[in-house]
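Enquirer: Have a look at this one.
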Amino acid sequence: DAGITQSPRYKITETGRQVTLMCHQTWSHSYMFWYRQDLGHGLRLIYYSAAADITDKGEVPDGYVVSRSKTENFPLTLESATRSQTSVYFCASSESSFRSYTFGSGTRLTVV
Amino acid sequence: EDQVTQSPEALRLQEGESSSLNCSYTVSGLRGLFWYRQDPGKGPEFLFTLYSAGEEKEKERLKATLTKKESFLHITAPKPEDSATYLCAVPPQGGSEKLVFGKGTKLTVNP
């Protein structure tokens with residue numbers, strides 16, 4: 001199916017574990033983004049990518065790693081999960097700069 | 001300093017009671033202001049993009065307008081299905097392609 005999909009939908013992990021959140025889009029959009037959404041903070045940008053093999057930090061990148069070897073995939077890895085990383089994570093894509101984003105359905109991550 | 005501020009944080013309306021949501025921004029050289037709707041448990045869904053002061057866009061009961069310092073999302077005769085959180089976003093100062101989001105207005109429309 002065409003669109004942008006995130007997996008898993010829900011994840012519970014323990015402090016200190018590595019966890020990877022997946023994001024896949026079928027439109028060959030150039031731009032992809034990872035945001036986290038927390039009560040009181042709204043959506044905050046973690047990392048973004050303008051094309052395959054090009055990534056850049058957003059507002060809150062510490063503790064996260066991204067890669068983009070293929071245009072359609074943009075995984076987000078938490079190297080050593082902390083409780084403060086409990087959040088809802090949204091992936092988004094856009095066909096070009098200053099154009100609207102299409103968001104995935106989100107991953108709700110709980111770090112215990 | 002927040003580059004985009006939304007008000008009110010929450011708004012409760014009766015069905016049919018029109019109102020407006022506000023999004024004020026501080027960036028200069030605006031390269032677009034974006035409105036999204038977010039339902040509980042879902043990702044934001046794109047509504048409108050406005051690029052220049054005076055521009056207006058409409059979709060069903062929603063109309064978005066833009067001035068040099070703020071945007072309004074007018075909701076005319078709302079229905080319960082319009083209940084959602086409405087987010088606005090702008091590219092930050094400096095012209096990056098990423099978006100900075102406001103914290104949103106949670107709209108509840110009672111039947």
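Enquirer: Mind listing whichever residues of the range A:6-49 are of a type in the set (A, V, I, L, M, F, W, C), within 12 Å of the chain's Cα centre (by Cα) and either within 14 Å of chain B (Cβ to nearest Cβ) or on the phi > 0 side of the Ramachandran plot (or both)?
Expert: Correct list: A:L21, A:C23, A:M32, A:F33, A:W34, A:L43, A:L45, A:I46.
Enquirer: For the range A:57-68: of the residues being among the small types (G, A, S) and at pLDDT 95 or above, which is nearest to A:S94 (Cα to Cα)?
Expert: A:S67
Enquirer: Something else now. Take the range A:21-55 and flag every residue that is of a type in the set (D, E, K, R) and under 22 Å from B:G102 (Cβ atoms). Let's see the steps before the verdict.
Expert: Our first condition is that a residue be of a type in the set (D, E, K, R); within the range A:21-55, this holds for A:36, A:38, A:44, A:53.
Answer for the range A:21-55, where residues must be of a type in the set (D, E, K, R) and under 22 Å from B:G102 (Cβ atoms): A:R36, A:D38, A:R44.
Enquirer: OK, next. With the requirement that a residue be surrounded by fewer than 18 Cβ atoms within 10 Å (Cβ to Cβ) and either in a loop (DSSP other than H, G, I, E, B) or within 14 Å of chain A (Cβ to nearest Cβ) (or both), what does the range B:66-82 give you?
Expert: B:T67, B:K68, B:K69, B:T76, B:A77, B:K79
Enquirer: If you go through the range B:83-111 one residue at a time, how many are part of a strand (DSSP E or B), closer than 18 Å to A:S100 by Cα and in contact (Cβ under 8 Å) with a residue 60 or more places away in the chain?
Expert: Number satisfying all stated conditions: 7.
Enquirer: Still on this model: Which one is farthest from B:G32 (Cα to Cα) among residues in the range A:93-112 that are within 12 Å of chain B (Cβ to nearest Cβ) and hydrophobic (A, V, I, L, M, F, W, C)? Quick ask: steps written out before the conclusion?
Expert: Step one: of the range A:93-112, the residues within 12 Å of chain B (Cβ to nearest Cβ) are A:93-108.
Filter once more, so that each one left must be hydrophobic (A, V, I, L, M, F, W, C): A:98, A:103.
Working: A:F98: 7, A:F103: 18 Å.
Filtering first and then ranking leaves A:F103.
Enquirer: Mind checking which pairs have a first residue in the range A:68-82 that is farther than 11 Å from A:M32 by Cβ and surrounded by 14 or more Cβ atoms within 10 Å (Cβ to Cβ) and a second that is among the basic types (K, R) and at pLDDT 95 or above, Cβ under 9 Å, 6 or more apart or different chains?
Expert: A:L78/A:R17; A:A81/A:R17
Enquirer: Any idea how many residues of the range A:73-92 are among the β-branched types (V, I, T), under 26 Å from A:G3 (Cβ atoms) and more than 14 Å from chain B (Cβ to nearest Cβ)?
Expert: In the first step, residues of the range A:73-92 are kept if they are among the β-branched types (V, I, T); the result is A:77, A:82, A:86, A:88.
Filter once more, so that each one left must be under 26 Å from A:G3 (Cβ atoms): A:77, A:88.
Checking which are more than 14 Å from chain B (Cβ to nearest Cβ) leaves us with A:77.
Residues flagged as among the β-branched types (V, I, T), under 26 Å from A:G3 (Cβ atoms) and more than 14 Å from chain B (Cβ to nearest Cβ) within the range A:73-92 amount to 1.
Enquirer: Next question, about the same structure. Are there strands (runs of 3 or more DSSP E) fully within the range A:1-56 with at least 2 residues that are in contact with a Phe, Trp or Tyr (Cβ under 9 Å, 6 or more places away or on another chain)? List them.
Expert: Details: elements: A:4-7, A:10-13, A:19-25, A:31-38, A:42-51.
Counting at least 2 such residues, we get A:4-7, A:19-25, A:31-38, A:42-51.
Enquirer: Could you please find all residues in the range B:17-60 being modelled with pLDDT of 95 or more and in contact with a Pro (Cβ under 6 Å, 6 or more places away or on another chain)?
Expert: B:Y36, B:Q38
Enquirer: Then there is this: Please pick out the residue among A:Y64, A:Y10 that is free of Cβ contacts under 8 Å to residues at least 40 places away in the same chain and within 15 Å of A:S87 (Cα to Cα).
Expert: Details: A:Y10 fails: free of Cβ contacts under 8 Å to residues at least 40 places away in the same chain.
Of the residues listed, the single one that is free of Cβ contacts under 8 Å to residues at least 40 places away in the same chain and within 15 Å of A:S87 (Cα to Cα) is A:Y64.
The values are calculated or read from the model by the stated rules, or taken from the named source; none is laboratory data. Bear in mind the structure is a predicted one, so any value in this text is a computation, not a measurement. Neighbour counts are summed over all protein chains in view; Cβ atoms, including those assigned to glycine, are modelled from backbone coordinates with ideal geometry.
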